[in-house]
Amino acid sequence: MRQFLTGNDQDFAGLEQRATGACVAYRDQELPPGSSPSRARVGFEVNPSDESVLLLVDRGIRYTGSSPQVGDWLGRGERRFRSFSDLKIWLRGELAACYGVMAASHSSQELHPSQLDVSPADLTDLDSIRDDLAAINRPVVMDEGELFRELQTHVRGQDAALQTLARRVCRHAARVRPARPASLFALGPTGCGKAKTAEVLPAVLRRLCPNEASYGYLRLDMSEYQERHRISQLLGAPQGYVGYGDGAQLIDTLAANPKTIVLFDEIEKAHSAVFQTLLNAMDAGRLSTPTRTVQGRTVDCRHAIFMFTSNLDSAEILCDLEQRNAFKQPTVVDEVCRRQLRMTGLSPELLGRINAFLIYRALSTDSRAEIVTQAIARGASEYGLNVAQIEPQVVLAILEQAKSNAYGARPDEYLVDDLLGSAFAQAVSSDDSFAVRVTGGPPFGCEAMQ
Ligand SMILES: Nc1ncnc2c1ncn2[C@@H]1O[C@H](COP(=O)(O)OP(=O)(O)OP(=O)(O)O)[C@@H](O)[C@H]1O
Ligand SMILES: [Mg+2]
């Protein structure tokens, strides 16, 4: 941002020209002190019809500085000026004051070239600044509502959980220097979308922020880490020990991409040594490893998102929240989850480090119908078919056959292939099978669409 505080009139004239009828954006701009995150995109847009100017900035910036006008700009994500000269006056006055830039130096016409004789490299250690800047992961600013809606297209009927997740992920991603990873705990009956949410999250984030570093995904089945020695598969084995040099799942993944969503499935099964390591990571934001990685012997996990799931019975929790009608009240959800999970034997140290609990509920018949519809389209695509229409009886017949929803969506999904697999296979053998209508049932059919 600083170049705009001291920019000369000629540069501003060029900017005004480029921004007329278009948005000229500058990435990674240093915001005024008191802004969090401290860097963001800033854009200029001149309206050609009335010459008013919009000064835009990424949304979601918090500001604790002293200028109400700057606070208003950052809070709204935009500020309108009647003309470009008004904007210049504001940048060189109100905004410059926030950075402590003196009014006298606002116009570079007053800055004589001889004053620039000293090279910046003489004044400071530029290499170390470059290294430091490179080490900082840039924040990703996302719209919470947009993330929620995007997640909803994949995970059906779990709005309360998705809302909490979207809020937490947006906050975490917007931090330039988070102190620790985000830690979320997903709870609910079997087959209701807990793991599915973690699986789709990286792709959803990539779609929302195509220009940012993408999130990776690692699923760790904690039932495989019930013995102490298994810890070396996560963190690496020391030199001279079996497994040295074989690599370590968690360490290697985080070293390669600090922005990784790690799903710790069935966390209650993990050995206490694995537990202890995770507690440290959740506190200190780094994991130690006996083997060397590109980052040395510790790996930064502050930018990671840890998601835990548990197969401990969540019926009591759901019942308690149902009675209080409190699924959308985060403080009640936190209190109930911590209390009930503590009683099932989960360690208070882990529970105390969880930022938020995501509550998944038993799937309603409507949600199951939507999931079956998605599963039919997905199943058909495995045969190279593109489903254009599904007769409602097909979905009803599958739900009818699956009967109980005690096992979540899995049995429904298995039935899709059991019942429709032959129809899909037959359709593949016909010539014109690109767009199909699924009919029936039973018997079920798959017809080419005209
Ligand atoms: N709410 C949902 N929306 C879309 N698909 C779902 C949903 N719930 C379950 N599914 C489907 O069912 C399958 C199983 O769901 P998932 O793996 O998320 O279960 P889970 O909640 O982790 O259960 P478990 O505790 O038994 O592991 C998924 O692959 C997904 O296709
Ligand atoms: Mg699961």
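Run the count for the chain, please: Lys pairs, Cα-Cα under 25 angstrom, 8 or more apart or on different chains.
8
If you wrap a convex hull around the C-alpha atoms of region 139-210 and split its volume per residue, what is the figure in Å³?
Working: hull volume 5.9 nm³, N = 72.
Cα-based convex hull of region 139-210, divided per residue, equals 81 Å³.
Counting Lys and Arg as +1 and Asp and Glu as -1, what is the net charge of the other residues whose Cβ lies under 14 Å from the Cβ of THR365?
Details: positive: ARG156, ARG361, ARG368, LYS403; negative: ASP366, GLU370, GLU400, ASP412.
Local charge sum for THR365: 0.
Quick one: angle between helix 194-208 and the longest Cα principal axis of the chain, in degrees between 0 and 90, rounded to 10, please.
In the chain, helix 194-208 runs at an angle near 40 degrees to the longest axis.
So what is the orientation-averaged projected area of region 2-114, using the convex hull of its C-alpha atoms, in nm²?
On the way: hull surface 27.6 nm².
So the Cα hull casts an average projection of 6.9 nm².
Using a Gaussian network model on the chain with a 10 Å cutoff between Cα atoms, which of ARG339, ARG180, ARG302 fluctuates the most?
Fluctuation is largest for ARG339.
Grab the Cα-Cα distance for TYR407 and ALA448, subtract it from 0.36 nm times how many residues apart they are, and report the gain in nm with one decimal.
Gain in length upon complete extension: 11.4 nm.
Let me know the Rg and Dmax you get for region 365-448 when you use only its Cα atoms, in Å.
Considering region 365-448 through its Cα atoms, Rg and Dmax are 12.0, 41 Å.
So for the pair SER288, GLU322, with labels modelled 7 Å out along Cα→Cβ, what separation do we get in nm?
Result: 4.7 nm between the two label points.
Calculate the spin-label point distance for ASP50 paired with GLN329, positioning each point 7 Å from the Cα along the beta-carbon direction, and give it in nanometres.
4.5 nm
Report the one residue of THR289, GLY216, PHE44 whose Cα lies farthest in the direction of the positive end of the charge dipole of the chain (charges on C-beta: Lys and Arg +1, Asp and Glu -1; origin at the Cα centre).
So the residue furthest toward the plus end is THR289.
Please give the calculated 222 nm ellipticity per residue for the chain, where each DSSP H segment of at least 4 residues contributes -39500 (n - 2.57) and the sum is spread over every residue; nearest 500 deg cm²/dmol?
-12500 deg cm²/dmol
So how do 144-150, 256-262 stack up, highest first, on mean other-Cβ count within 10 Å?
Details: 144-150: 16.6, 256-262: 19.3.
The most tightly packed comes first, giving 256-262, 144-150.
Along the charge dipole of the chain, which of ALA326, THR260, ALA435 sits closest to the positive end, that is, farthest toward it, with unit charges on the beta carbon of Lys, Arg, Asp and Glu (+1, +1, -1, -1)?
Result: ALA326.
Sum up the charges of everything whose Cβ sits under 14 Å from the Cβ of MET343, counting Lys and Arg as +1 and Asp and Glu as -1, but leave MET343 out.
Values: positive: ARG338, ARG339, ARG342; negative: GLU268, ASP313, GLU316, ASP320, GLU335.
Net of charged neighbours comes to -2.
With +1 on each Lys and Arg Cβ and -1 on each Asp and Glu Cβ, and nothing else charged, work out how big the dipole of the chain is about its Cα centre, in Debye to the nearest 20. Each step should come with its number before you reach the end.
On the way: 48 positive and 56 negative charges, 213 e Å.
In debye, rounded to 20, the chain gives about 1020.
For region 322-450, give the magnitude of the charge dipole about the Cα centre (Cβ charges: +1 Lys/Arg, -1 Asp/Glu; no others), in debye to the nearest 20.
Charge dipole of region 322-450: 880 debye, to the nearest 20.
Hey, any idea what Rg/Rh is for the chain, computing Rh the Kirkwood way over Cα pairs?
A ratio of 1.06.
Net charge within 13 Å of ASP418 by Cβ-Cβ distance, Lys/Arg positive one each and Asp/Glu negative one each, not counting ASP418 itself?
Within the 13 Å Cβ shell, the charges total -2.
May I ask you to give the average projected area over all directions of the convex hull of the Cα atoms of region 144-359, in nm² rounded to one decimal?
Working: hull surface 46.4 nm².
Dividing the Cα hull surface by four gives the mean projection, 11.6 nm².
Laboratory data are not the source of any read-out in this text; all were calculated from the coordinates shown. Because the structure is predicted, anything quoted here is derived from the model rather than measured. Note: ideal-geometry Cβ built from the backbone for every residue, glycine included; neighbour counts use all protein chains shown.
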